[in-house]
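I have placed the structure first, in the form of structure tokens, so that the comments after it can refer back to it.
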Amino acid sequence: MPQEYDFYTDRSPEATALRLTRSLPIATFVMKTSPKGALRFSFMSEPWLRMNALTAEQVQAEPLLPFERIHPDDQEAFWRIARKARHDCKPLHWEGRLQVHDQTLWCTMNAMPYRLQDGSIAWEGMLVDVSPRHQMERQLRASEQRWRKTLDHVPTPVLCAHLQHRIVPFFVNRAFLQAFGYTLADLLETGRWIQQAYPDPEYRAKARREWKALVNRLRDDPNAVEVQELRLVGHDGEARDLLVAGSMVEDMLLVSFTDLTERKRIEEIHQYRARHDVLTGLANRVVLTEVVADAIERQTPFALLFLDLDNFKQVNDRFGHSVGDRVLQGVAQRLEMAVRSGDVPIRVGGDELLVIARNIESRESAHGVARRLWRALQAPFAVEDRLLPITASIGVALYPRDGESLEKLMAYADSDMYRNKLAGTQARGRSGAELLTNPKMRGSP
């Protein structure tokens, strides 16, 4: 009977290691390069031979044959790495393709060098098939290309970013480029881009806080869609009001932008028209009610000045309403220039105008404001090569002395204005028609 022995006890560690190497499904090899560069393989595992579709006899006969399996497009890179590793006697690391008959394999080669006494170098190496990883990477790249292409066809500006210690953009779609003019390269230079997108330092700090708050809310609830309004300056220097919607897609921040600039502009126009007279641009009754209500609530004294354009009807009758409108516009411009800072000129209708003079407590102070307005209207108005005189009568009411409501103050100022108008007419005894040819102000307060 053959003598029995215990393999792990009776064999040397080297023999045990060799047996283990042969039994593992790993493509390993040992080769030697002479000082002159000649190659010789001393060991090739079965997986290594199968990966290269070679036999041990073929490799022994043609040691360069395995290297001919390297894809033609990867040959130059491989030999450059191999020559440097041999020259420096340092580990060889390479990743590339093997072309084995009609099959292309992606693999990594790692080989550790050992310098021998005769100057040769022994290489203990391993070849690993990484084709599945490359296939997955190709699929991921293809998937990424698909969603990039999809987002590129979305008409809404979109930005994708990684969330590190800050927002790091890595993709913007065509709609983003068209809307704002910035490129991905611009956004990657974060500091300079933020300076340009938010040129006002105070608003820039506010925008930073709001972006940070949005990201924090999304981290707390990754399934949420967070919305906020921001103003951003495009590459062309134009400011845009935006609705920003952010959401998390795995570890990616997806942000879409809706331009609200035109809508905001229309809203501002509507708000302006709701609070201003269309013809003159002065504040209207809405503002009058708000200003008076606020002053009464705060118990702040003010004067309400009621202005009536005495001979405006004659201008309309003689020269037409278009000329009358031009005169009213001129009156409004002079009032806006004549009022004190904080005072509010108002058109209540027709040729009736008001001025709310804030922080007026005495009648003497109110009359001082009235004289200032009266002098502003004293010069004739030039309309269509005509000089048209417009006289004014002004009535004054003080809050709270003459009334504690808008209605009472209006009534008091109207009566005071009428008294001043009547006194001015009686003093001068002239008709409106005469005033058009020999203009003098009447109704002086």
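The values are calculated or read from the model by the stated rules, or taken from the named source; none is laboratory data. Predicted model only: the values in this text are computed from it and were never measured. Because the Cβ atoms are built from the backbone with ideal geometry, glycine has one as well, and the counts that use them run over all protein chains shown.
Within the group Asp310, Asp343, Asp317, which residue is of a type outside the set (Gly, Ala, Ser), assigned by TED's automatic domain parsing to the domain that holds Leu406, closer than 21 Å to Met410 by Cα and modelled with pLDDT under 90?
Numbers: Asp343 fails: modelled with pLDDT under 90; Asp317 fails: closer than 21 Å to Met410 by Cα.
None of the other options fit; the residue is Asp310.
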Q. Taking region 291-331 as the search range and keeping residues that are within 13 Å of Leu388 (Cβ to Cβ) and among the aromatic types (Phe, Trp, Tyr), which one is surrounded by the fewest Cβ atoms within 10 Å (Cβ to Cβ)?
A. Phe319
Q.
Kindly evaluate Gln333 against the criterion of being in a loop (DSSP other than H, G, I, E, B) and more than 19 Å from Asp414 (Cα to Cα).
A. no
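Does Tyr198 meet the test of being more than 30 Å from Val344 (Cβ to Cβ), in contact with a Gly (Cβ under 9 Å, 6 or more places away or on another chain) and not assigned by TED's automatic domain parsing to the domain that holds Leu288?
no
Take region 264-285 and flag every residue that is in contact (Cβ under 8 Å) with a residue 12 or more places away in the chain and more than 26 Å from Ser365 (Cα to Cα). I'd like the intermediate steps shown before the answer.
Here is the first cut: in region 264-285, the ones in contact (Cβ under 8 Å) with a residue 12 or more places away in the chain are 264, 274-275, 277, 279-285.
If the condition is that a residue be in contact (Cβ under 8 Å) with a residue 12 or more places away in the chain and more than 26 Å from Ser365 (Cα to Cα), then Lys264, Ala274, Arg275, Asp277, Leu279, Thr280, Gly281 are the ones that fit.
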Q: Select from region 375-396 the residues that are among the hydrophobic types (A, V, I, L, M, F, W, C), outside any loop (DSSP other than H, G, I, E, B) and in contact with a helix residue (DSSP H, G or I) (Cβ under 9 Å, 6 or more places away or on another chain) and write down the one among them that is nearest to Leu305 (Cα to Cα).
A: Val396
Q. Restricting to region 365-402, what's the tally of residues that are at pLDDT 90 or above and over 21 Å from Lys421 (Cβ atoms)?
A. 4
Q.
Being out of contact with any Gly (no Cβ under 7 Å at 6 or more places or on another chain) and modelled with pLDDT of 90 or more: is that true of Arg11 here?
A. no
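Leu354 - would you say it is part of a helix (DSSP H, G or I), buried (at least 20 other Cβ atoms within 10 Å of the Cβ) and within 44 Å of the chain's Cα centre (by Cα)? Give the derivation first.
Details: part of a helix (DSSP H, G or I): no; buried (at least 20 other Cβ atoms within 10 Å of the Cβ): yes; within 44 Å of the chain's Cα centre (by Cα): yes.
Considered against the rule, which asks whether it is part of a helix (DSSP H, G or I), buried (at least 20 other Cβ atoms within 10 Å of the Cβ) and within 44 Å of the chain's Cα centre (by Cα), Leu354 comes out as no.
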(Q) Can you tell me which condition Thr280 does not meet? The list is (1) assigned to a loop (DSSP other than H, G, I, E, B); (2) out of contact with any strand residue (DSSP E or B) (no Cβ under 7 Å at 6 or more places or on another chain); (3) hydroxyl-bearing (Ser, Thr, Tyr), and all the others hold. (A) (2)
(Q) Please list, ordered by residue number, the helices (runs of 4 or more DSSP H) wholly in region 166-259 having 3 or more residues that are of a type outside the set (Asp, Glu), more than 25 Å from His153 (Cα to Cα) and touching a strand residue (DSSP E or B) at 6+ places or on another chain (Cβ under 7 Å). (A) 201-220
**Q.** Counted residues, region 38-96 - those being of a type in the set (Phe, Trp, Tyr) and either surrounded by fewer than 16 Cβ atoms within 10 Å (Cβ to Cβ) or more than 16 Å from Glu124 (Cα to Cα) (or both)
**A.** 4
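Return yes when Ser405 is exposed (fewer than 14 other Cβ atoms within 10 Å of the Cβ), at pLDDT 90 or above and of a type in the set (S, T, N, Q) and no when it is not. Don't jump to the end; show me each part of the working.
Numbers: exposed (fewer than 14 other Cβ atoms within 10 Å of the Cβ): yes; at pLDDT 90 or above: yes; of a type in the set (S, T, N, Q): yes.
Yes; evaluated as a whole, the condition is true for this residue.
The rows are residues; the columns are (1) within 18 Å of Leu254 (Cα to Cα); (2) hydroxyl-bearing (Ser, Thr, Tyr); (3) surrounded by 11 or more Cβ atoms within 10 Å (Cβ to Cβ); (4) touching a helix residue (DSSP H, G or I) at 6+ places or on another chain (Cβ under 8 Å).
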| site | (1), (2), (3), (4) |
| --- | --- |
| Glu137 | no, no, yes, no |
| Arg141 | no, no, no, no |
| Trp147 | yes, no, yes, no |
| Arg174 | yes, no, yes, yes |
| Leu187 | yes, no, yes, yes |
| Glu202 | no, no, no, no |
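Would you be able to say whether some residue in region 312-329 is outside any helix (DSSP H, G or I) and of a type in the set (Lys, Arg)? Step through it out loud before you land on a result.
To start, the set of residues in region 312-329 that are outside any helix (DSSP H, G or I) comprises 320.
From what's left, of a type in the set (Lys, Arg): none.
Within region 312-329, none of the residues are outside any helix (DSSP H, G or I) and of a type in the set (Lys, Arg).
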Q. Which members of region 172-217 meet the condition of being in contact with a Leu (Cβ under 7 Å, 6 or more places away or on another chain), without any contact (Cβ under 8 Å) to a residue 40 or more places away in the chain, hydrophobic (A, V, I, L, M, F, W, C) and under 27 Å from Glu144 (Cβ atoms)?
A. Val172, Trp193, Ala197
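Of all residues being in contact (Cβ under 8 Å) with a residue 40 or more places away in the chain and more than 50 Å from the chain's Cα centre (by Cα) in region 97-110, which is surrounded by the fewest Cβ atoms within 10 Å (Cβ to Cβ)? Just the residue, please. Outline the logic, then answer.
The initial filter retains those residues of region 97-110 that are in contact (Cβ under 8 Å) with a residue 40 or more places away in the chain, namely 98, 100-101, 105, 107.
Now restrict to residues that are more than 50 Å from the chain's Cα centre (by Cα): 100-101.
Numbers: Val100: 15, His101: 7.
It comes out as His101.
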